[in-house]
Amino acid sequence: ATTTMTRMVDENRLQLGTLKALGYSNAKIAGKYLFYALSASVLGSIVGMVIGFVVFPLIIWYAYQMIFSMSTFTLHFYPGMAAASVAISAAVIGFATWSACRASLKEKTAALLLPRAPVAGKRIFLEYITPLWQHMSFSQKTTARNLFRYKKRFFMTVLGVAGCTALLLTGFGIKDSIANVVDYQYAEITRYDCTVSFTETMDAQKQSDFLAESPAVQSALFLYDGSVTAETASAAKTVSLLVPEGSLDGFMDLHSGAEKLTMPAAGETLLNNALAEALGVGVGDTVTLRDGDMRALTVTVAGVFDNYVSNYAIVTPETCQSQWGSVPGSKTAFVSVNDTTDDAIHAASAQMLDLANVSAVTVNIDIRDRVATMMSVLDYIVWMVTVCAGALAFIVLYNLTNININERIREIATIKVLGFYPSETASYVFRENNTLVFLGMLLGLPLGKWLHAYVISQIKVDMIAFDVRIAPMSVVYSLLLTVLFAAIVDFVMYFRLRRISMAESLKSIE
């Protein structure tokens with residue numbers, strides 16, 4: 001807004017001077033531009049409210065409706081939020097317009113009837129680095145000087161491109177963190193292939209019989225898997241209590257970042273990260289695990305492990321024996337099969353399901369496929385963010401490039417007269433744009449990482465923890481799309497440069 005209105009006031013200097021000469025007050029002259037700016041602000045806010053209160057909610061609703069069963073959807077209008085948005089927008093644009101008008105109307109009437117003098121060139125920091133400056137070409141020196149000559153355009157372009165890159169990175173990062181969360185779970189943490197539930201407690205003999213009747217099974221870990229309430233002084237959470245008969249190594253990769261965790265000792269427990277955060281506890285704190293019969297295990301948190309799907313508290317049989325007086329029976333088994341192809345896993349699960357004491361078999365790859373299908377609707381969200389980022393980049397770059405050309409039209413016409421080819425003229429102008437785009441992308445990467453982390457931290461879903469993760473290819477796609485948007489602007493403005501008339505542009509203005 002500041003750049004656009006400043007440019008508009010500068011282009012109308014002759015009109016401002018004429019109105020002052022005719023006796024119009026500064027307030028009346030500035031009021032004309034304020035009315036124009038505020039009208040555009042209000043109309044733009046109305047369009048923005050339609051998009052924000054109608055279009056975006058409909059897109060997000062459609063995406064979530066494909067995942068969850070939600071029967072009704074009502075659009076709501078929030079007057080307070082809308083009024084605040086309009087007021088902030090009008091205040092910012094109004095202040096920018098008033099500042100631009102005030103700066104021009106302070107000048108004498110005679111000075112306003114003449115074009116504003118070009119911004120004076122100054123020595124820049126690079127010129128003091130003599131070895132570097134001497135090895136730069138004429139075009140590179142000109143580009144460097146122009147970048148710091150128009151400081152307002154410099155910061156507006158860098159911030160606009162940074163916002164574009166940050167939005168793209170956030171959009172792709174949301175998909176990486178949410179859509180792939182089940183892949184992370186079953187590729188990095190859950191190592192077994194199936195969960196088998198039994199109709200009765202599996203003692204040593206029954207376990208041996210099960211393994212003998214299941215030739216496809218490579219290894220199995222029998223355990224108790226029951227629901228308990230994890231309690232602290234300030235919070236309570238329903239979780240799955242795992243009491244394995246042996247080590248979970250090979251079945252679950254328990255780690256916290258790069259740190260490998262071992263099974264807890266007697267009187268201790270391991271909690272997953274989302275559960276520990278919800279309870280507000282860490283290593284060394286005490287947690288009470290209470291089952292349906294109100295029996296309590298008071299245990300110390302020995303470690304907090306990464307986990308994305310479900311909440312777990314892991315204790316050893318010794319802990320249950322010492323505090324409950326008995327060890328709950330194992331009616332669940334984590335099973336790994338010999339052949340890990342999809343067909344072989346399903347064949348093994350069907351064979352196990354036919355056994356007399358097996359009540360259910362859950363295949364992990366089926367869970368992955370179901371969730372992956374549901375999460376594919378996040379593509380709509382990513383597309384929405386991409387369109388917004390593209391619009392931001394295009395509007396900022398197009399507007400500022402157009403202003404840049406208008407401000408330097410005599411300079412551009414001069415180099416055309418001197419014999420620069422169209423491609424050389426375009427390179428002379430767009431080299432600055434490309435440099436600013438590069439700087440904007442560098443700033444946009446950390447900004448996007450911060451914005452992505454903030455967005456993920458605000459998404460709270462019970463039983464699922466989303467990892468703050470951005471895939472390397474998402475960074476590449478964000479940068480490439482930013483470059484693409486900039487290239488589109490350069491392509492459009494190339495024809496604007498070719499249409500500049502050398503004779504008309506170099507005519508005397510006085």
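The values are calculated or read from the model by the stated rules, or taken from the named source; none is laboratory data. Since we're looking at a predicted model, the values are computed, not measured. Don't worry about glycine lacking a Cβ; one is built from the backbone with ideal geometry, like all the others, and counts go over all protein chains shown. Just so you know, the surface numbers come from the protein's heavy atoms only, side chains and all, with ligands and any DNA or RNA stripped out. Shrake-Rupley method; radii C 1.70, N 1.55, O 1.52, S 1.80 Å.
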Item to complete: Work from the charge dipole of the chain (Cβ charges, +1 for Lys and Arg, -1 for Asp and Glu, about the Cα centre) and give the residue of ALA453, ASN272, ALA235 farthest towards its positive end.
Response: ALA453
Discussion item. Using the Cα centre of the chain as origin and beta-carbon charges of +1 (Lys, Arg) and -1 (Asp, Glu), tell me which of THR199, ALA37, THR319 is placed farthest towards the positive end of the dipole.
Written reply: ALA37
Fill in: For the range 289-446, size of Cβ-based charge dipole, Lys and Arg +1, Asp and Glu -1, in debye
640
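Please list HIS135, HIS76, HIS255 from largest to smallest accessible area, probe radius 1.4 Å, with all protein chains kept in place.
HIS135, HIS76, HIS255
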Worksheet entry | Relative contact order of the chain, defined on C-alpha pairs under 8 angstrom at six or more residues apart (%) | 23
Worksheet item: Roughly how many Å² of ILE93 are accessible to a 1.4 Å probe, to the nearest 10?
Response: 40
Practice prompt. With a Förster radius of 30 Å, plug the Cβ-Cβ distance of THR362 and VAL468 into 1/(1 + (r/R0)^6) and report the FRET value to the nearest 0.05.
Written response: 0.60
Discussion item. Using the crude model of +1 on Lys and Arg Cβ and -1 on Asp and Glu Cβ, and no other charge, please compute the dipole size for the chain relative to its Cα centre, in debye to 20.
Written reply: 5160
Discussion item. Which residue, PHE53, ASN146, LEU397, has the largest displacement toward the positive end of the dipole of the chain when charges sit on each Cβ (Lys, Arg +1; Asp, Glu -1)?
Written reply: ASN146
Worksheet item: Just the accessible area per residue of the range 390-456, please: how many Å² with a 1.4 Å probe?
Response: 47
Practice prompt. Any chance you could look up the accessible area of TRP98 with a 1.4 Å probe, heavy atoms only, rounded to 10 Å²?
Written response: 120
Worksheet, complete the sentence: Across the alpha-carbon set of the range 253-368, Rg over Rh with Rh taken as the Kirkwood radius works out to 1.03
Worksheet entry | Carbon/sulfur fraction of accessible area - the chain, other protein chains in place, 1.4 Å, % | 63
Worksheet item: In µm²/s, what is D for the range 348-452 at 20 °C and 1.002 mPa s, where D = kT/(6 pi eta Rh) by Stokes-Einstein and Rh is the Kirkwood radius from Cα pairs?
Response: 110
Worksheet item: So what's the convex hull volume per residue for the Cα atoms of the chain, in Å³?
Response: 228
Worksheet item: Which value, to two decimals, describes the C-alpha radius of gyration of the range 10-54 once divided by 2.2 N^0.38 Å?
Response: 1.65
Worksheet item: Over the range 80-239, what is the mean sequence separation of C-alpha contacts under 8 Å (at least six apart), divided by residue count, expressed as relative contact order in percent?
Response: 9
Response to the item:
Treating only Lys and Arg (+1) and Asp and Glu (-1) as charged, each at its beta carbon, one finds that the range 334-416 has a dipole about its Cα centre, in Debye to the nearest 20, of 780
Discussion item. For a 25 Å ceiling on Cα separation, which of these pairs sit above it: LYS141/LYS416; LYS260/LYS331; LYS151/LYS449; LYS32/LYS106; LYS106/LYS151; LYS108/LYS141?
Written reply: LYS260/LYS331; LYS151/LYS449; LYS108/LYS141
